[in-house]
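The values are calculated or read from the model by the stated rules, or taken from the named source; none is laboratory data. Just so we're clear, the structure is a prediction, and the values are computed from it rather than from any experiment. Methodologically, a virtual Cβ is constructed for each residue, glycine included, from the backbone with ideal geometry; neighbour enumeration extends over all protein chains shown. Please note that ligands, DNA and RNA were not included when accessible areas were found on the heavy atoms of the full protein model with its side chains. Shrake-Rupley method; radii C 1.70, N 1.55, O 1.52, S 1.80 Å.
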Amino acid sequence: MRSSRSLRRLAPIALLAIALALAACSDPQTTVDPKSDFADDIQFVYLLTFWLGMAVFIGILALTIGLAFWYRERPGRVAKQIHGNTRLEIVWTLIPVVLVVVMAVPTWQVIADSSKPAPDDALRVNAIGRQWWFEFQYDLDNDGEYDDLITANELHIPAGRPVTFSLLADDVIHSFWVPQLAGKVDMVPGHVNDLWFTPHEDAARAEAYLGQCAEFCGTAHANMRFRVFVDTPEGFDAWVANEQADGAEPADELAQLGQELFLTPVWTLPGGGGGILGCTGCHTVAGAPGAVGKIGPNLTHVGSRSTIAAGILDTNFENLVAWISNPDREKPGADYNDDTARFMPAFETVLTREQIEAIAVYLLGLQ
Amino acid sequence: MATVAGTMAAPTAEGVVWSWLTTVDHKRIGVLYGVSAFIFFLIGGVEALLIRAQLAVPNGGVIDPELYNQLFTMHALTMIFLAVMPLGAAFFNFMIPLMIGARDVAFPRLNALSYWIFLAGGLVLTSSFFLGGAPDTGWFAYAPISGGTYSGSGMDYYVIGLLILGLSSLAAALNFAVTIINMRAPGLTMMRMPIFVWMTLIVAFLLILALPVLTVALVQLLFDRQFTTSFFLPSGGGDPILWQHLFWIFGHPEVYILILPAMGIVSEVLPTFSRKPLFGYAAMVFAGVAIGFLGWAVWSHHMFTTGLGAVPRVVFATSTMIIGVPTGIKIFNWLSTMWGGSIRFTTAMYFSVSFIALFTIGGISGVMHASPPVDQQQQDTYFIVAHLHYVLVGGAIVGIFSGLYYWWPKMTGRFLSETLGKWNFWLMFIGLNMTFFPMHFLGVAGMPRRIYTYDEGLGWEFWNMFASVGALILAVGVLVFVINVARTMRQPKTAGDNPWDGSTLEWATSSPPPEHDFDAIPEVRARDPLWYDRDHGLSQPEGDPDEHIHMPPPSYYPLILALGVLMLGVGPLSHLAVTALGVPVIIYAIWGWVLEPTE
Amino acid sequence: MATAEHHVGHHSVTGIDNRKLLMWIFLGSECLFFGALISTYLIFKADIPAPPISFIEAHTHVENGHEVVTGWFPVDRVIDDVYINEDGTFREVEFAGVLDIPITSQSTFVLLMSSVTMVLAVYGAQHGRLLSMKVWLLATILLGLIFLGYQVYEFRLFGSEGLTLETNQFGASFFVLTGFHGTHVFVGVLILASLLLASFRRSGLGPEAGFHVETAGLYWHFVDIVWIVIFTIIYLIPA
């Protein structure tokens, strides 16, 4: 009696827990609201293993509590000296065997399906993991050269068309993961991994699908995020057209000043203690003379992206100023390794606030 | 006693400190292991609490990312290598000779050496916090981030520390394998051995075969970092995936090294307090052996997202799922052991019964991501964190606490308080479920592991705060245990030889056991020997009170040899002259060791 | 006598002495140690990239009128690539493997012979022929040292041909694998030398002389067998 009362008291808590767990479906980075064919397949196996697991767990939990309660020490009770029961033991060897088969067969099926080569009409994209941002290179004309469109941290793909990624890494291992669109695949330096899926026809939306690096890659691993926009086919074509254009010319005097500063190749440190490379040492802006750096993200259309700094800051004037002033303050680790010369220096050491603001205005204008 | 030229006189047991430093008594070494490992367990717990403090709220500002990365790396290393493994070793040391009716392990001095080398390795690893930063690449140290370009001196401490700890575990494993195979009392055949002894034997063989693979991987990493080879560095033609294979060929058997001792403990506690023999003894043994074997065929399931081909994924998924079969057999047999019993609910029994349910949760989530497609969503998320903590906390730690409550009267002659014990149990039980169960939800909601910060609005706030509160409750539970231990030290020694009416040989001697363990070597006539004797009106042989039982004398050399090994290891971390000085120390210690009379 | 039963190493369920059992199990562990090292070698063996032009220029010598490059590959290998000199001219080079099978066959024979002398030493120790034991122990030690001498010669030769730890994956895995094997031989020499030294004491090796030498012999034979495997895999099986 006592136990059933406490069970009744536990029931609302259990229901609440299940409700909260299901609410996870609406979380922005959820793994259980699939929006592509591959994610659907994963969801199928996940739900199968989940419900089988739940059934087994509830059974074992009930047995554990039931046996412990029923056979508790009571006056007059003598333990039966049982050593085993071969028939029973065979039965509960067979139960897990059956469960394993039930889970293994669909697993093999999904592995086989996802290992097929991508269809020929698939959109081809190189995704490159770097400490700590993602570069995306498109091969739009199917010539094997991934040079038609280069962008960073924000990816646009059309709904309903297969997209295939070649996953690469430059420095350490990263992992490419957009939970609603596909399971993660690692980006391993020296290896090329493939991943392809087809977003649902109705997956197009203005809001981005969130992605994040899923293999520990150093100090700013937590801040290595990216976004995937699934567009309508028309929307995707428009985006491509805009991205393939050169960077916009400065619209006003302030932006003009910003562009000049942006294109300054080297800055001398105050006090004459050497210099640091200017923006173009690492960044490209197509059409701007000399801005052909390949080390950092391509900034040709940075103003049109929704975020900067690998998905951690909204693209706006204040954030751009703060980022250029001292990236390490916004994203610890951003200047951590001077040896590799791949990290962004704090420009507040060589530029005035006004100069940095001018650069920010210029960058915001790169729509 | 005459001394051999050049060696020291055998130590006498006069000073308390020296008697512990030079002891070769397996029970004292067990205590040393237990106390050291518990201190490391508390350190690892503090590391975990700092992690939970940082993650309690979004964009938390408690610790900076560099320290966070060191903390989660060291939390894993501390808990795996410095807490759970040596806590298992503490039980092996104290209980195995008693459970097989022997007076010591096969190599008492080697046993002492294992402990002192373990301590040296633990100190090397932990000291890195104060000497330029702890390892910060995760305990798995994936190349190339563990190479010289991307990580600092902490990784050298990692390599040296783990090499030293591997030496310690290898020595201990060899010792226990020989002890169990060769030192059993008359009549104690293999199929009469307690399950805990069986699990220890399997763990010993897993260590013996898995550690050399880790050693090779660590040596190659050391060469990559210090001698410009490129085993794992793609920039020089090497392959980072090779490290992952070598690491997990060690790393997966390591998982069973951590959990099998707890399974052994539970298999002792459940029969004793159910007052009936273990259900399906033979099946339990074979299931344990099967898990030990299969543990070698599943390592690549840690690598499902690395771009393995379809065939390896199918093979390793299947082999991993198959491990569910022997594990299922164990769970059903534990349950059936309670069936028809007359169960006394002591604290030890609380822990063991909860072990069944908690380990089942970890087992089931493990089978879920045995499926590579599912793993592609769950790998490196909090779902995995939940899974592994249900296995290691809900499994290994809960099993170890069960063992502590069960064998404490045997080890000390005193009972731990049952009242505090129940508080201890419920606080830990509630705390660990509050901490780790919501991590399933976080993983499903897409929260990756090893991130020191996260944004609000991702639906992760509530359960992170909930888990952090749970971690505090778990910590209070552990604190209650510490209080219970402190309190018991002032209790009188009231435990008789066999306070729980246990069936195995350790209960045939006094509590705590004399230095020579048994006045007379016990005789075993059946499985569950003491119950057989009880039911058949038999008794164990009495010792002759006048007989002098010769025990191996204490020795300085294990301590000196461990010091030499420590110097050898510290050299590359500080100055190579230390290594050079360590060599004569080692030679001296081995010389003295060999020539020292042991009779 | 009850006391005797406890003495370390005397009580044994299986009848095998504890120390010998320890050695057997330890050698099992060693199998995995060398297994991991050999696996590393095999994984990289098929996948050694062609040398950079700087290496070719630094390590080319003329043999019978042909330009031959040594030091990069384990055994001879035909490369189709034509190398372009800095001044734009072409040239074809041959690749000669760095491994010298005849010389290493000699050292392998030496190590094999040391197993024979080891057996003789064990026989001498077990049958109380102490002089024979000492002589054969000394012979085993000397053969072990000769083997190590061959290894030092080989390492130096490879180094002079440009193959070092950092040259490529063959260099790294070769030197680490054979280096660890050499270390094992050296440890074996130390063990045997200690036994030989101790046998000159007044009490000799004591009543268990046969046992001690036999257990050391187990180790020696194991190290010998490992070399046979290494020799076969590295030297005899072509790339």
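Odds and ends about this structure:
- In order along region A:216-221, phi translates into HN-Hα couplings of 3, 9, x, 3, 9, 3 Hz, rounded to whole numbers, per the Karplus curve 6.51 cos²θ - 1.76 cosθ + 1.60 with θ = phi - 60° and x for Gly and Pro.
- Peptide A:193-200, shielding by other chains (average Cβ, 10 Å cutoff): 1
- For the peptides C:169-178, C:91-100, the ranking by mean Cβ contacts within 10 Å, running from highest to lowest, is C:169-178, C:91-100.
- Rg/Rg_ref, region B:37-168, where Rg_ref = 2.2 N^0.38 Å and atoms are Cα: 1.22
- Relative contact order (%) - region B:464-569, alpha-carbon pairs under 8 angstrom, separation at least six: 18 percent
- Of the solvent-accessible surface of chain B, computed with a 1.4 Å probe and all protein chains present, 71% belongs to carbon and sulfur.
- Length-normalised contact order of chain C in % [C-alpha pairs under 8 Å, at least 6 apart]: 23 percent
- Residues losing 50 Å² or more accessible surface upon assembly, region A:56-85, compared with the chain by itself, 1.4 Å: A:57, A:60, A:64, A:67, A:68, A:71, A:73, A:79, A:81, A:82, A:83
- The mean sequence distance of close C-alpha pairs (under 8 Å, at least 6 residues apart), as a share of the length of chain A, puts its relative contact order at 14 percent.
- The slack in the chain from residue A:95 to residue A:109, taken as 0.36 nm per residue of separation less the alpha-carbon distance, amounts to 2.8 nm.
- Net charge, residue B:558 excluded, C-beta distance under 13 Å - Lys, Arg +1, Asp, Glu -1: 0
- Test item: A:238-244 mean partner chain Cβ contacts at 10 Å: 0
- Solvent-accessible area lost in complex, 10 Å² minimum, residues of region C:139-178 relative to chain alone, 1.4 Å: C:165, C:166, C:169, C:172, C:176
- The apolar share of the surface of chain A, taken as the fraction of accessible area on carbon and sulfur atoms (1.4 Å probe, ligands and nucleic acids excluded), comes to 61 percent.
- Radius of gyration, Dmax [chain C; alpha carbons; angstrom]: 23.2, 89
- Size estimate for chain A follows the Kirkwood approach: the inverse of mean 1/r over distinct Cα pairs works out to 24.3 Å.
- In the protein assembly as shown, the inverse of the mean reciprocal separation of distinct Cα atoms equals 33.1 Å; this is its Kirkwood hydrodynamic radius.
- Kirkwood-based Rg to Rh ratio, region C:13-72, C-alpha trace: 1.42
- Counts of other chain beta carbons within 10 angstrom of each beta carbon in peptide B:62-71 average 3.
- Taking a ≥ b ≥ c as the square roots of the Cα gyration tensor eigenvalues, region A:102-185 comes out oblate, since a/c reaches at least 1.5 and a/b does not exceed b/c.
- For chain A: accessible area per residue (Å², 1.4 Å): 45 Å²
- Interchain or long-range residues, amide H under 5 Å from residue A:307's placed H: A:315
- Counting all C-alpha pairs of region A:133-251, share separated by more than 24 Å (%): 27 percent
- Placed amide H near residue A:156: partners under 5 Å, 5+ positions off or other chain: A:229
- On association of chains B and C, roughly 3300 Å² of accessible area becomes buried (total for both chains; probe 1.4 Å).
- Comparing each chain alone with all protein chains together (probe 1.4 Å, DNA, RNA and ligands left out), the residues of region B:250-293 losing at least 20 Å² of accessible area are B:275, B:276, B:277, B:279, B:280.
- Per residue, chain B exposes 30 Å² of accessible surface when a 1.4 Å probe is rolled over the protein heavy atoms with every protein chain present.
- Summing both sides, the accessible surface hidden between B and A at a 1.4 Å probe radius is close to 7300 Å².
- Across all C-alpha atoms in region B:462-592, the radius of gyration and Dmax reach 24.7, 69 Å.
- Under a 5 Å amide H cut-off, with hydrogens placed 1.01 Å from N, residue A:196 pairs with A:165 among residues at least 5 apart or on other chains.
- Three-way shape call for region C:50-97 based on the alpha-carbon gyration tensor, with the a/c threshold at 1.5: prolate
- Whole-percent carbon and sulfur share, accessible surface of region C:50-97, 1.4 Å: 49 percent
- Computed from backbone phi, the HN-Hα couplings of region B:371-380 come to 8, x, x, 5, 4, 5, 8, 8, 3, 6 Hz, rounded to whole numbers (Karplus: 6.51 cos²θ - 1.76 cosθ + 1.60, θ = phi - 60°; Gly and Pro given as x).
- In region B:330-382, the inverse of the mean reciprocal separation of distinct Cα atoms equals 13.1 Å; this is its Kirkwood hydrodynamic radius.
- Under the Karplus curve 6.51 cos²θ - 1.76 cosθ + 1.60, θ = phi - 60°, whole-Hz ³J(HN,Hα) for region C:139-147, x wherever Gly or Pro sits: 4, 4, 4, 5, 5, x, 5, 4, 4
- For residue C:134, the lysines whose Cα falls under 30 Å of its own Cα, not counting residues fewer than eight places away in the same chain, are C:20.
- Taking 23 Å as the limit for the C-alpha separation, the pairs B:27/B:276; B:422/B:493; B:27/B:493; A:184/C:45 exceed it in the case of B:27/B:276; A:184/C:45.
- Panel note: the C-alpha atoms of chain B, placed on their principal axes, show extents of 73, 65, 48 Å (largest first).
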